[in-house]
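In what follows, a single structure is set out as C-alpha cells and then discussed.
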Amino acid sequence: MSLSQYTREFKYNFKLAVPVILGMLGHTVVALVDNIMVGQIGTAELAAVSLGNSFMFIAMSLGIGFSTAITPLVAEADAEDNFDQGKSSFKHGLFLCTVLGAFLVAVIFLAKPIMYHMGQPAEVVALAMPYLNLVAVSLFPLIVFQAFKQFSDGLSLTRYPMYATIVANLVNVLLNYMFIFGKFSAPELGIVGAAIGTLASRVIMVLFLWYLLYKNNKAHLFVVGIKLFQLSKKMLLKVLKLGVPSAMQMFFEVAIFTAAIWLSGILGKNPQAANQIALNMSSMTFMVAMGFSVVAMIRVGNQKGLQRFDDLRRIAFSIFLLSTIMAIVFALFFIVFHQALPKIYLDYENIAELADNTEVASIAATLLLIAAVFQISDTIQVVALGALRGMQDVMIPTVITFVAYWMVGFPISYYLGLYTDYGSKGIWIGLLAGLTVSGVLLFMRFNYLSKKLKNDNQSLQQN
C-alpha cells in the first residue's frame, strides 16, 4: 500500500483521538494540579502525595484496565447495529465495574498499614496516611465513570468523557486552592485539601457524563432503564473473559511504575519527589498514546464486526504511524526542556527548601531524558494493546506484558537502582527495558494475528 492510504486515515483518527486524549489528560491534570500545588508546601508533602498515589495507581490500573472490555464489545455491536447486544455489554460491564470499584476501595483501606513496612521516610508516611483515606474513596466514582466512558467511546462518542473531565478539573482546581491553602474562608488542610478536591471532582465527573449521555439521542436508551441486577451468566463471563486479562495487562505496567516509586522512596524523599515529577510529566504524554490506543480499539472493533480485515490492518497501521510521529515530537520536547520542566513543580523562593529543591530538579531532569527515549516504545506497546483488544485478543498480550515488565524490566530497575551508583537513573533504565520489550512483542503479535485473520477470511470467501 502507498503511504497516502495510511495518511488519509489521519484526519478521522485525530477526530476520534483528540477528545479521548483531552479526557485522559484531564485525569493526569488532576494529579498535575495536586503535585504543583502541594509542591509549593514542601518536598516531603510532594513525596507523600507520590506514596499515597502509588497505592491508588495499582487499584486504578485494575479498574480502568477491566473497564476497557466494554469498548470493543460495544463497538462491535454498534457496527452490527445490534442495540440489544450493545446495551447488554454495557450493563454487564457497568455492574462488574461497580462491584470491582467497591472491592478495590476496601482493599486499599486494608493495605494502608503496609506503608509502615516499606522502608519509606517516616515523615512521608505520616503525611500520606490521611491523604490516602479520601483519595481511596474517590476510586469508586472513578471506576464507575470509566464504565460510562468506555461505553461512550464504544459508540464513538469520544467528546462526552472529555467534557465531563474538563468540568471535573475546574472543580478540582478551585477546591484545591481553597482547602490546600485555606482560601475563601476554607480551612487550610494541606495535602488533605488536595484529596478533598480529587474526591469531589470525581463524583461530579460521573454525574455529568451520565447527563450528557442521557441527552444524546444515540446513547439515551442505553443509559436509562438499566436493570443492573438482571444479569446473564453468559454475558458476565464474556465481559470477564475480556476484562480480567485487560486489567492484568494494565496492572503489570502500572505496577512496575509503582515499584519505581517505592524503590525511589528507599533512596530517599528527594529521589522519590524527583521520580514523581518525571512520572507525572511522562504520564501526560502517555495519555496521548492512550488516546490513540482507544481509537485503535474502537476502529479495529468496528472492522472486526464488519469482517473487513484488509481495512482493519490498514487502519491499525495508520494509527501506529500517527502515534509514533507524536511520540517522536514528545521525545524531542523532553530532550530540549528537561532542565526547565522540573522547576514548574518547585518553589525556589523557599530558602529553607532550596537545597532539596535543587537536588530534586537535577534528578528529575536526568529521568526526563530517559523518559524521552521510551516515548516511542511506550506508544507502540499501548497502541498495539488497543488494537489487540479491538480484536478481543487478550490472553497472549497478558503473558507478554508480564514477561516484559516483571521478568525483564523490574529486575533491571531493582539491581541498577539499589545495588549500583545509577540510583534513580537505574530504576528508569529498567522501565525503558520493559517498555521496549513489550512494544516489540505486542506489535509482532498484532501483525501476526491480523494477517492470520485476513488470510483465513480470504480462504473462507474463496471456498
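The values are calculated or read from the model by the stated rules, or taken from the named source; none is laboratory data. Since we're looking at a predicted model, the values are computed, not measured. Backbone-built Cβ (ideal geometry, glycine too); neighbour counts: all protein chains shown. Accessible surface areas use protein heavy atoms only, side chains included; no ligands, DNA or RNA. Shrake-Rupley method; radii C 1.70, N 1.55, O 1.52, S 1.80 Å.
The set of residues in the stretch 403-450 that are touching a residue at least 60 places away in the same chain (Cβ under 8 Å), assigned to a helix (DSSP H, G or I) and farther than 21 Å from VAL382 by Cβ comprises TYR414, GLY417, LEU418, SER424. Residue count for the stretch 52-70 satisfying the condition of being within 19 Å of VAL239 (Cα to Cα) and within 10 Å of the chain's Cα centre (by Cα): 4.
Any residue in the stretch 109-124 that is crowded, with 23+ Cβ neighbours inside 10 Å and either free of Cβ contacts under 8 Å to residues at least 24 places away in the same chain or more than 22 Å from the chain's Cα centre (by Cα) (or both)? Yes: one or more hits. Among the residues of the stretch 305-324, the one identified as free of Cβ contacts under 8 Å to residues at least 60 places away in the same chain and open to solvent by 80 Å² or more (accessible area, probe 1.4 Å) is ARG308.
So, VAL20, is that one β-branched (Val, Ile, Thr), touching a Leu at 6+ places or on another chain (Cβ under 6 Å), open to solvent by less than 30 Å² (accessible area, probe 1.4 Å) and in contact (Cβ under 8 Å) with a residue 24 or more places away in the chain or not?
Values: β-branched (Val, Ile, Thr): yes; touching a Leu at 6+ places or on another chain (Cβ under 6 Å): no; open to solvent by less than 30 Å² (accessible area, probe 1.4 Å): yes; in contact (Cβ under 8 Å) with a residue 24 or more places away in the chain: yes.
No.
Looking at VAL373, is it out of contact with any Cys (no Cβ under 9 Å at 6 or more places or on another chain), open to solvent by less than 50 Å² (accessible area, probe 1.4 Å) and on the phi < 0 side of the Ramachandran plot?
Numbers: out of contact with any Cys (no Cβ under 9 Å at 6 or more places or on another chain): yes; open to solvent by less than 50 Å² (accessible area, probe 1.4 Å): no; on the phi < 0 side of the Ramachandran plot: yes.
Taking the combined requirement at face value, the residue does not satisfy it.
LEU199 meets all of the listed conditions (1) over 21 Å from the mean Cα position of the chain (by Cα); (2) open to solvent by 20 Å² or more (accessible area, probe 1.4 Å) but one, namely (1).
For (1) under 27 Å from SER246 (Cβ atoms); (2) open to solvent by less than 50 Å² (accessible area, probe 1.4 Å), each residue gets a yes or a no:
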position	(1), (2)
PHE145	yes, yes
LEU155	yes, yes
ASN176	no, yes
LYS183	no, no
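Selection of the stretch 78-88 for residues being under 17 Å from LEU237 (Cβ atoms) and either of a type in the set (Gly, Ala, Ser) or assigned to a loop (DSSP other than H, G, I, E, B) (or both) yields only SER88. Within the stretch 90-108, the set of residues being without any contact (Cβ under 8 Å) to a residue 60 or more places away in the chain and of a type outside the set (A, V, I, L, M, F, W, C) comprises just one member, GLY101. Considering TYR211, TYR177, the condition of being in a helix (DSSP H, G or I), out of contact with any strand residue (DSSP E or B) (no Cβ under 9 Å at 6 or more places or on another chain) and farther than 29 Å from PHE55 by Cα is satisfied by TYR211 alone.
Restricting attention to the stretch 210-230, the residues being of a type outside the set (Lys, Arg), open to solvent by 30 Å² or more (accessible area, probe 1.4 Å) and touching a Lys or Arg at 6+ places or on another chain (Cβ under 8 Å) number 3. Is one or more of the residues making up the stretch 421-443 modelled with pLDDT of 95 or more, of a type in the set (Phe, Trp, Tyr) and surrounded by fewer than 24 Cβ atoms within 10 Å (Cβ to Cβ)? Taking every residue of the stretch 421-443 in turn, at least one turns out to be modelled with pLDDT of 95 or more, of a type in the set (Phe, Trp, Tyr) and surrounded by fewer than 24 Cβ atoms within 10 Å (Cβ to Cβ).
Among the residues of the stretch 446-457, the ones that are surrounded by fewer than 20 Cβ atoms within 10 Å (Cβ to Cβ) and either within 23 Å of the chain's Cα centre (by Cα) or of a type in the set (Ser, Thr, Tyr) (or both) come to 1 in all.
Among the residues of the stretch 157-174, just one is surrounded by fewer than 24 Cβ atoms within 10 Å (Cβ to Cβ) and outside any helix (DSSP H, G or I), namely LEU157.
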